[in-house]
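Quick note: the coordinates plus some simple rules give every number you see, no bench work behind them. Please read these numbers as outputs of a predicted model, since none were measured by experiment. All Cβ positions, even for glycine, are placed from backbone atoms using ideal geometry, and neighbour counts span all protein chains on display.
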Amino acid sequence: MNANTEDNRNSQVILRQVPTGLLGPDDFEVRQAPMPTAGDGEVVVEAHYLSLDAALRLIVRDSKDFLFRVEPGDLVRNSVAGRVVESNNPDWAAGDYVVAATGVQNYGISDGSDLELCDITQAPLSAWLGGFGVSGLTAYFAIFDECKPQPGQTVVINGAAGAVGTMAGQFAKMAGARVIGIAGGPEKCKWLVDELGFDTAVDYKDGDLYEKLVEAAPDRIDFIFDNVGGSVLNESLRWIALRGKVLMCGSTSQYSEEEISGPSQYIWLGTMRASIQGYVVYDYADRFDIARKHMAQWRAEGRLSFPEHVYEGDVPDFGQAFHDLYSGRNKGKMVVKLPAADT
Ligand SMILES: NC(=O)c1ccc[n+]([C@@H]2O[C@H](COP(=O)([O-])OP(=O)(O)OC[C@H]3O[C@@H](n4cnc5c(N)ncnc54)[C@H](OP(=O)(O)O)[C@@H]3O)[C@@H](O)[C@H]2O)c1
């Protein structure tokens, strides 16, 4: 078994309470649990990277409406990237690098059915949680299958400097579109243009967003790739093009709000014969392999990067890292890198 298990340390992050406002360290407690051992058909997964997912804020709300929930007293659910350290399952061997849904803890048990094998010659292990994982896949199918922008069309991506937005912008550029990012702060906006090739980027925290969009997109907006909802979506709707489309990928701005509010500027959808469409990446699960083949090739050719923000820490740091995510500290996918990480 791995050297990191010598002290039998298995810290687990438990939801302490239903949060109000931003989710942060006070909403969690850290419990020490015994090292798990694999039963029949089971494997033990050692976490190397913890995924930070904006959607967690939605699933800890006190609401019965959502499919998945984490309730006070529960281990926080999320994905990790790590390694199988013990296996009683013929499909998995000790040493396999995997993505697993074992939650925020150093070691978790899986029956193997939820594991994904990671070929780290295709992409680094951490990227399997981000650009090469759900975030990148979300962006890939949203751009190439749902939006299909044509050269000359304009795509506005909000939450542009985040895990999904950074990938969506790169893909929309590959499709030949004019790409405008919306992000918080001048430094992020400059980075989107200089490092990721966005045509321009707009800081939604500074000045009149609508006026800035009119200036950046003189021919109006053909596609709104919506990660955040709220006022950012609302202002964008006022400038949607004829037969434009809003792809509703997420609503980060609303997840921490007591009352979720919809966009009052929806009236432009009628006038402009535009549409708004929901979207879930798992509808494309049978094509994830194909998408990854393309992404690996584009990365090898230097045309695609997997931006990530690595928080060096351990399991107890999860709450602070999550708070940082919602405070906009990340550029690209945020992960917590744990001491066990060896790649
Ligand atoms: N449909 C699907 O299948 C699918 C799959 C994966 C994720 N999603 C959704 O996609 C969205 C983006 O996910 P992600 O992983 O890429 O997260 P992310 O963008 O990396 O999340 C954090 C970012 O959200 C922004 N933010 C925080 N509060 C905000 C607010 N009040 N208004 C506007 N922006 C705010 C911050 O950026 P700024 O500094 O720019 O404010 C922050 O850096 C989420 O809503 C998630 O639920 C959907």
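Kindly write out, for region 76-84 in residue order, the coupling ³J(HN,Hα) from the Karplus curve 6.51 cos²θ - 1.76 cosθ + 1.60 (θ = phi - 60°), rounded to whole Hz, with x marking Gly and Pro.
So the J values, rounded to whole Hz, are 5, 7, 5, 8, 10, 10, x, 9, 6.
Can you grab the distance from the C-alpha centre of region 237-256 to the C-alpha centre of region 10-30, Å, no decimals?
30
Could you list which residues have their amide H under 5 Å from that of Thr200, counting only those 5 or more apart in sequence or on another chain, with H placed in the peptide plane?
Val179, Gly181
In Å, the Kirkwood hydrodynamic radius of region 134-282 over pairs of distinct alpha carbons? Kindly include the intermediate steps, with their values, before the conclusion.
Values: mean 1/r = 0.0674 Å⁻¹.
For region 134-282, inverting the mean 1/r across all distinct Cα pairs yields 14.8 Å.
Please list, in chain and number order, the residues 5+ apart from His48 or on another chain whose amide H is under 5 Å from its amide H, with Hs placed from the backbone.
Ala81, Gly82, Arg83
Work through the residues other than Pro25 whose Cβ is under 15 Å from its Cβ and net out their charges, Lys, Arg +1 and Asp, Glu -1. Working shown, then result.
Numbers: positive: Arg16, Arg31, Arg57, Arg329; negative: Asp26, Asp27, Glu29, Asp314, Asp317, Asp324.
Net charge in that neighbourhood comes out at -2.
Can you compute 3J(HN,Hα) from phi for each residue in region 95-107, using the Karplus curve 6.51 cos²θ - 1.76 cosθ + 1.60 with θ = phi - 60°, rounded to whole Hz and x for Gly and Pro?
x, 4, 7, 9, 9, 9, 9, 8, x, 7, 7, 6, 9
Calculate how large, on average over all directions, the projected area of the Cα convex hull of the chain is; give the answer in nm² to one decimal. Present the calculation step by step, with values, prior to reporting the outcome.
Values: hull surface 68.1 nm².
For the chain, the mean projected area of the Cα convex hull comes to 17.0 nm².
Classify region 218-343: rounded, prolate or oblate, from the alpha-carbon gyration tensor (a ≥ b ≥ c, eigenvalue square roots; a/c under 1.5 rounded; otherwise prolate if a/b is larger than b/c)?
Note, shape of region 218-343 comes out oblate.
Using only alpha carbon pairs under 8 Å that are at least six residues apart, calculate the relative contact order of the chain and give it in whole percent.
19 percent.
Between Arg61 and residues 5 or more places away or on another chain, which pairs have amide H atoms under 5 Å apart, with H built 1.01 Å from N, and which residues are they?
none
Under 10 Å, Cα contacts only: if you run a Gaussian network model on the chain, which one of Arg303, Arg57, Arg238 comes out with the highest mean-square fluctuation?
Result: Arg303 has the largest fluctuation of those listed.
Connecting C-alpha atoms closer than 10 Å in a GNM of the chain, tell me which of Gly108, Gly131, Gly162 has the biggest fluctuation.
Gly108
Hey, what do the phi angles of region 301-309 turn into as Karplus ³J(HN,Hα) couplings, whole Hz, using 6.51/-1.76/1.60 and θ = phi - 60°, x for Gly and Pro?
These are the phi-based 3J(HN,Hα) values: 7, x, 9, 9, 10, 10, x, 8, 10 Hz.
Hey, how many Å between the Cα centroid of region 150-212 and the Cα centroid of region 296-340?
So the two Cα centres are separated by 19 Å.
Please build a GNM for the chain, connecting alpha carbons under 10 Å apart, and tell me which residue among Thr200, Thr271, Thr138 fluctuates the most.
Maximum fluctuation in the GNM of the chain, among the listed residues, is at Thr271.
Before anything else, pin down the relative contact order of region 121-202: Cα pairs under 8 Å, at least 6 apart, normalised by residue count, whole percent. Could you put the intermediate results ahead of the total?
Numbers: 138 pairs, mean separation 20.7, N = 82.
Result for region 121-202 is 25 percent.
Compare the Cα positions of Pro34, Ile182, Gly131 along the charge dipole of the chain (+1 at Cβ of Lys, Arg; -1 at Cβ of Asp, Glu; about the Cα centre) and return the one farthest towards the positive end.
Checking the options against the dipole of the chain, the answer is Ile182.
Which whole-number percentage describes the relative contact order of region 134-282, with Cα contacts under 8 Å and a sequence gap of 6 or more? Provide the component values of the computation, followed by the final result.
Numbers: 318 pairs, mean separation 31.1, N = 149.
Relative contact order comes out at 21 percent.
So, with +1 on the Cβ of K and R and -1 on the Cβ of D and E, and no other charges, what is the size of the charge dipole of the chain about its Cα centre, to the nearest 20 debye?
Dipole of the chain, to the nearest 20 debye: 1200 debye.
Could you give the angle, 0 to 90 degrees to the nearest 10, between helix 186-196's Cα long axis and the longest principal axis of the Cα atoms of the chain?
With rounding to tens, the tilt is 80 degrees.
Please check the chain for the longest run free of chymotrypsin sites (Phe, Trp or Tyr not before Pro) that are loop-located per DSSP (anything but H, G, I, E, B) and have at most 15 other Cβ atoms within 10 Å.
Numbers: sites that count: Phe66, Phe68.
That would be 69-343.
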